Amino acid sequence: MPAVQAPLGHGLRVRHLTMMGLGSAIGAGLFLGTGVGISAAGPAVLVSYVVAGALVVLLMRMLAEMASAVPSSGAFSTYAEVGIGRWAGFTVGWVYWFTLVMVLGVEITGASQIVSGWVPGVPQWVVALVFVTFFAVVNLSGVRRFGEFEFWFATIKVVAIIGFLVVGALVLTGVIDVGQPVGIQAMLSDGGFAPNGVAGIAAGLLAVLFAFGGIEIVTIAAAESEDPARSIARAAASVVWRILFFYIGSVTVMVLIMPWSSPELVSGPFVSVLDIAGVPGAGRVMEAVVVIALLSAFNANVYGTSRMVFSLSQRGDGPRYFTGVSRRGVPNRAVWTSIAFGLVSVGLNAWLPDQILGILLNAVGASLLGIWAFIAVSQLRLRPRLEREGTLTLKMWAFPGLTWATLAALASIVVLMLFDRTARQQLVATVGLFLLVAGIFVVREQVRRRRGAVVSD
């Protein structure tokens, strides 16, 4: 099976891919959403994170197997097309594009809300416009420069998390005296390890699972690396284990230092721990880190949306207009399209500054689950073919058992969502989105066949 050829730049290195994956996954889900999972499950949220993390490890291994054999800017959309059928590649590609476009609005809205609070005289939409314009320049300047910028942007987040873990270790070892009990005994003193039982762990899983979204962008970027097969194998493994360390390490520090039922954990889990430790200006520092996290994820997602629509169009599943590439090897028309949707979110900021964040979040729904399911099915179908062609350089563990186990886990999560009212609404919306996109493909193919019949007559 030949790789999909694309006239794109090839300037990304392993460190760029690694930090891009970290930058996409370490965002508001970690810095702001962790407290929601803790309040649902108590200290047992660690089990929720381990389960979610294990699922992501398996999915990334599947993706790495396929991406190292067939590097493509369409990544899992390309693999779904070849492994399942063209309808699958069309559906998963456009659903992913739509999801990231919605996430772009969420990220730029969240960042501009915080920054506009620092400069009260400047409207929120103006801040958002400045950010969108800046990242248009970054993404159009060439993939090497984009990768370098994202590397250092993501590095700031990683340094912040490491600093948080160091402060937590100093508190837990008694070097910093916080004047209250900390450690395992304190953690278990309020209802034990799982105060809300298995139901709480399940609720915690739903709260934390989608925080890992974005890690799959590494396989999209692999097509623009200097040595795709080798780079994706190294970057995928590095990204997964680092993210697990940062997520699980941070949550462990939180539940060992703060009472799990503390309302401060929900509003600002990192800030609440740093305040207890007496770190000066903790609130403002973490606000700055959250802004950087959101903007870094926005930058990476502009890249992801532009490459996905470029790949879809190159394969005949999108307008040929988006296949244009600049002299710097950038799909500039696709980038401008992503930026245009960022500008739409700026307009919505001006029109509905308070409501827009919730509207966009609901629009995204649970599409990530559907995309992950397509990845697993694609790997099941492609693995025998890749083995026959002798192109496998990296293999999924215990195939096909672990792949089937991953699909079973995804199905179990869907069942859990059916018993949660908010999650159920998102699930229904997501199923509707997948059916709508698949329906568009069916209608388009029927129109093409009719046109072909008319021409032949």
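The values are calculated or read from the model by the stated rules, or taken from the named source; none is laboratory data. Keep in mind that what you see is a predicted model, and the values were worked out from it rather than measured. Quick reminder, even Gly has a Cβ in these numbers, built from the backbone with ideal geometry, and neighbours come from all protein chains shown. We work out accessible area using only protein heavy atoms, side chains counted, and drop any ligands, DNA or RNA first. Shrake-Rupley method; radii C 1.70, N 1.55, O 1.52, S 1.80 Å.
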Could you work out how far helix 421-456 tilts from the main Cα principal axis of the chain, as a 0 to 90 degree angle to the nearest 10? 10 degrees
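Taking only C-alpha pairs under 8 Å that are 6+ residues apart, what is the relative contact order of the stretch 361-437 in percent? Can you show the working numbers first?
Numbers: 30 pairs, mean separation 38.9, N = 77.
About 51 percent, as a whole number.
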Roughly what percent of Cα-Cα pairs across the stretch 225-303 reach past 16 Å? 67 percent
Please report Rg (one decimal) and Dmax (integer) in Å for the Cα set of the stretch 95-201. 20.9, 54
Note to self: with every protein chain in place and a 1.4 Å probe, the chain gives an accessible area per residue in Å² of 40 Å²
How far is helix 282-314 tilted, in degrees, relative to the longest principal axis of the Cα atoms in the chain, given as a value from 0 to 90 rounded to the nearest 10? 10 degrees
List the residues whose amide H sits under 5 Å from the amide H of GLU226, counting only those 5 or more places along or on another chain, with H placed 1.01 Å from N in the peptide plane. LEU12
Pair VAL158, ARG451: separation of 7 Å Cα→Cβ label points (nm): 4.7 nm
In order over the stretch 249-254: 3J(HN,Hα) from phi, Karplus 6.51/-1.76/1.60, θ = phi - 60°, whole Hz, x for each Gly or Pro, gives x, 5, 5, 4, 4, 4
P(r) weight above 23 Å for the stretch 38-135, C-alpha pairs, percent: 57 percent
If we sort 304-311, 187-194, 39-46 on the protection proxy, mean other Cβ atoms within 10 Å, highest first, what's the order? 304-311, 39-46, 187-194
Run the accessible area of the chain with a 1.4 Å probe and give the carbon-and-sulfur part as a rounded percent. 67 percent
Using a 10 Å cut-off on Cβ atoms, rank the peptides 368-375, 77-84, 395-402, 239-246 from the highest mean neighbour count down. 77-84, 368-375, 239-246, 395-402
For the chain, what is the relative contact order in percent, using Cα pairs closer than 8 Å and at least 6 residues apart in sequence? 35 percent
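Counting pairwise Cα distances across the chain, what percent come out greater than 44 angstrom?
Within the chain, distances greater than 44 Å cover 11 percent of Cα pairs.
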Ranked packing of 404-416, 257-269, most packed first, by mean Cβ within 10 Å: 257-269, 404-416
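Which value in deg cm²/dmol, rounded to the nearest 500, describes the helix-derived mean residue ellipticity at 222 nm for the chain, given -39,500 (n - 2.57) per DSSP H run of n ≥ 4 and division by the residue count?
Rounded to the nearest 500, the figure is -25000 deg cm²/dmol.
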With Cα coordinates, the longest principal axis of the chain makes an angle with the long axis of helix 143-172, in degrees rounded to 10, of 20 degrees
Roughly speaking, what is the centre-to-centre gap between the stretch 201-220 and the stretch 68-114 when only Cα atoms are used, to the nearest Å? 15 Å
Under the rule a/c < 1.5 gives rounded, and otherwise a/b versus b/c splits prolate from oblate, where does the stretch 141-214 land using the Cα gyration tensor? oblate
For the chain, the dipole about the Cα centre with charges only on Cβ (Lys and Arg +1, Asp and Glu -1), to the nearest 20 debye, works out at 1580 debye
Residue-ordered couplings for the stretch 51-65, obtained by feeding phi - 60° into the Karplus form 6.51 cos²θ - 1.76 cosθ + 1.60 and rounding to whole Hz (Gly and Pro as x), are 5, 4, x, 4, 5, 5, 4, 5, 5, 5, 5, 4, 4, 4, 4
Diffusion coefficient, µm² s⁻¹, Stokes-Einstein with Kirkwood Rh over alpha-carbon pairs of the stretch 399-457 at 4 °C and 1.567 mPa s: 89 µm²/s
³J(HN,Hα) computed for each position of the stretch 120-130 - Karplus, 6.51 cos²θ - 1.76 cosθ + 1.60, integer Hz, glycine/proline x: x, x, 9, x, 4, 5, 5, 4, 4, 5, 4
Per the charge dipole of the chain (beta-carbon charges, Lys/Arg positive, Asp/Glu negative, Cα centre), the residue among ILE440, LEU63, VAL166 reaching farthest to the positive end is ILE440
